[in-house]
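Colleague: The structure follows.
Throughout, read-outs are computed from the coordinates displayed, never taken from laboratory work. Predicted model only: the values in this text are computed from it and were never measured. We place every Cβ from the backbone using ideal geometry, glycine too, and count neighbours over all the protein chains shown.
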Amino acid sequence: MCNNYRTSCMCGQKQANLFFKNHILNPTVLRNIFCPQCSGNVHFDAESMIEDNGWILEFDLDIARSCLHRANIYSAYLSPAFIFDQGYASWNGFTPDELEQRLVERQQIIGLADQDMRLYLAEIKRWGSARVQKFREAGWRKAQFC
């Protein structure tokens, strides 16, 4: 089962939806999250932080190491990139707020299924590909691996 964890950034102006793969890690692994507005004042520490399109996630690597070890997952070099890119703690979707965007956009297309199933299937496929391309071009980290 996959759960969505919603949290606010440090300045409280934005919220992000996070996903914790197989519940191996949990929200305690995330020390801080900074949106593009509040990340400008942050001293970036590559040992504990990852940046994605102006957003910064700061991880507690001791907690991550302990949780991963209990799940028999070992990495020669445990890093924020490993945690994020392997999905152990990353966006729920391609961006911090993509979950809401996706639901709204998909809802608009679902109506086509009752009218014309072929058109619906073609449109949902086109929409999915176009979304990934849009996020890739915008530089979102998770979209680069699709």
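Colleague: Can you work out ³J(HN,Hα) from phi for every residue in the range 37-51, in order, using Karplus 6.51 cos²θ - 1.76 cosθ + 1.60 and θ = phi - 60°, giving whole Hz and x for Gly and Pro?
Modeller: After applying 6.51 cos²θ - 1.76 cosθ + 1.60, I find 6, 8, 7, x, 9, 9, 7, 6, 10, 4, 6, 10, 10, 10, 10 Hz.
Colleague: Please list, in chain and number order, the residues 5+ apart from Arg31 or on another chain whose amide H is under 5 Å from its amide H, with Hs placed from the backbone.
Modeller: Amide H neighbours of Arg31: Glu58, Phe59, Asp60.
Colleague: Helix 61-70 sits at what angle to the longest principal axis of the chain, using alpha carbons and giving 0 to 90 degrees rounded to 10?
Modeller: Between helix and principal axis, roughly 70 degrees.
Colleague: Normalising by the residue count of the range 1-127, find the relative contact order in percent from Cα pairs under 8 Å and 6+ residues apart.
Modeller: Relative contact order for the range 1-127 comes out at 24 percent.
Colleague: Scan around Leu18 for amide H atoms under 5 Å from its own, H built in the peptide plane at 1.01 Å from N, and keep only partners 5 or more places away or cross-chain.
Modeller: For Leu18, whose amide H was placed from the backbone, the distant partners under 5 Å are Tyr5, Arg6, Thr7, Asn92.
Colleague: Return the distance in nm (one decimal) between the two label points of a simple spin-label model at Glu100 and Ala130, each offset 7 Å from Cα along Cα→Cβ.
Modeller: For Glu100 paired with Ala130, the spin-label model returns 2.2 nm.
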